[in-house]
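A.B. asks: The structure under discussion is supplied below as structure tokens; questions concerning it will follow.
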Amino acid sequence: MNAARRFLYRCIALLPLAWSLGTGTAHGKTAGLAKAPAQAQAARHAEAAGHHAAGRKAQAPGAGRAKAGARKSSAAQRTKATAAKAPAARAAQARMASASKARGTAVTRKAASAKGATVARKAAPARSSPVQRRAAASGARLDFSGRRRVGEASYYAHKFAGRKMADGTRMRLNHHNAASKTLPLGTIAKVTNLKTGKSAVVKIQDRGPFVKGRIVDLSPATARQIGLTAREGVGPVAVTPIAVPLPDGSVKPGEAAREPMARTQVAQGRGD
């Protein structure tokens with residue numbers, strides 16, 4: 001009886017131990033079962049990552065080749081575009097060269113024109129007076145022959161006193177100034193009134209008269225000397241050159257150069 005009791009007591013005492021052992025085993029199995037899916041999932045993730053890496057490695061050469069092909073294609077397209085633009089660029093360059101040449105030609109022509117104008121201005125005589133311009137417009141040619149001419153004479157009105165004549169000097173009514181369309185300026189000539197026979201020596205300093213039939217305009221002093229009155233206004237005269245200046249600077253003797261009265265009146269005819 002006592003032995004049985006002791007055995008029972010021992011069994012009861014071992015029950016907590018057995019219980020703890022059973023609980024620990026159950027927990028271990030549960031933990032193992034819980035860890036297994038996590039490990040399997042981690043393994044699957046690792047395997048998937050490996051597959052992805054392998055895929056990328058496998059795709060890398062293809063991608064490089066694709067990029068190289070794209071670069072070659074772009075280079076080929078640029079080459080084609082450049083080749084297509086080359087004719088247009090050459091045409092544009094040709095147009096620019098032509099325009100530059102045209103501008104250069106225009107500048108050269110302008111410079112040549114300016115130079116010609118400068119030379120013409122230098123070669124041109126002094127600015128002509130209205131009387132000279134009228135003489136040029138009338139088409140009269142200068143007469144260097146020194147021969148006698150016959151025609152009508154008129155004389156200056158008083159309103160012309162002090163005005164510039166064709167040679168640049170002022171008109172003086174009391175001097176022996178005269179105007180002619182054809183005799184060179186500076187010519188010394190004898191003017192004879194065919195009605196009275198009186199003569200005077202004059203110096204051609206102006207251009208005119210611009211009336212058909214008239215060959216000389218006289219100052220009032222000369223008109224009085226040869227007997228041309230204000231009442232008549234116009235009279236027949238003979239104009240005979242004494243000394244005719246030539247373009248080369250020399251002086252040619254006229255038909256009246258040998259007459260005695262011409263030599264004594266040359267000084268008066270020059271306005272001295």
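A.B. asks: Hey, among the residues in the stretch 142-180 that are of a type in the set (Phe, Trp, Tyr) and part of a loop (DSSP other than H, G, I, E, B), which one's farthest from the chain's Cα centre (by Cα)? Reasoning before the result, please.
C.D. replies: Step one: of the stretch 142-180, the residues of a type in the set (Phe, Trp, Tyr) are 144, 155-156, 160.
In the following step, the residues that additionally are part of a loop (DSSP other than H, G, I, E, B) were identified as 144, 156.
On the way: PHE144: 47, TYR156: 51 Å.
Applying the filter and picking the extreme gives TYR156.
A.B. asks: Moving on. If only one of ALA189, ALA179, ALA135 is crowded, with 16+ Cβ neighbours inside 10 Å, assigned by TED's automatic domain parsing to the domain that holds PHE210 and modelled with pLDDT under 65, which one is it? Spell out the reasoning first.
C.D. replies: Numbers: ALA189 fails: modelled with pLDDT under 65; ALA179 fails: modelled with pLDDT under 65.
Unique residue meeting the criteria: ALA135.
A.B. asks: I'd like the residue in the stretch 223-264 that is assigned to a helix (DSSP H, G or I) and touching a Gly at 6+ places or on another chain (Cβ under 9 Å) and, out of all such residues, is nearest to ARG170 (Cα to Cα). Spell out the reasoning first.
C.D. replies: Step one: of the stretch 223-264, the residues assigned to a helix (DSSP H, G or I) are 223-226, 260-264.
Of the ones still in play, those that are also touching a Gly at 6+ places or on another chain (Cβ under 9 Å) are 223, 226, 262.
On the way: ALA223: 18, ILE226: 23, ALA262: 25 Å.
The qualifying residue nearest to ARG170 (Cα to Cα) is ALA223.
A.B. asks: Considering only residues that are of a type in the set (Ser, Thr, Tyr) and in contact with a Pro (Cβ under 7 Å, 6 or more places away or on another chain), look in the stretch 141-198 and name the one that is nearest to ILE242 (Cα to Cα).
C.D. replies: Step one: list which residues in the stretch 141-198 are of a type in the set (Ser, Thr, Tyr), which gives 145, 154-156, 169, 180, 182, 187, 192, 196.
Within this subset, residues satisfying the condition of being in contact with a Pro (Cβ under 7 Å, 6 or more places away or on another chain) are 154-156, 187.
Numbers: SER154: 21, TYR155: 21, TYR156: 22, THR187: 8 Å.
Ranking the qualifying residues of the stretch 141-198, first place goes to THR187.
A.B. asks: Considering every residue within the stretch 214-228, establish whether at least one is closer than 19 Å to GLY146 by Cβ and either modelled with pLDDT under 90 or not small (Gly, Ala, Ser) (or both).
C.D. replies: Applying the first criterion (closer than 19 Å to GLY146 by Cβ) to the stretch 214-228 yields 215-216.
Remaining after also requiring either modelled with pLDDT under 90 or not small (Gly, Ala, Ser) (or both): 215-216.
Yes: one or more hits.
The values are calculated or read from the model by the stated rules, or taken from the named source; none is laboratory data. A quick note: this is a predicted structure, and the numbers were derived from the prediction, not measured. Note: ideal-geometry Cβ built from the backbone for every residue, glycine included; neighbour counts use all protein chains shown.
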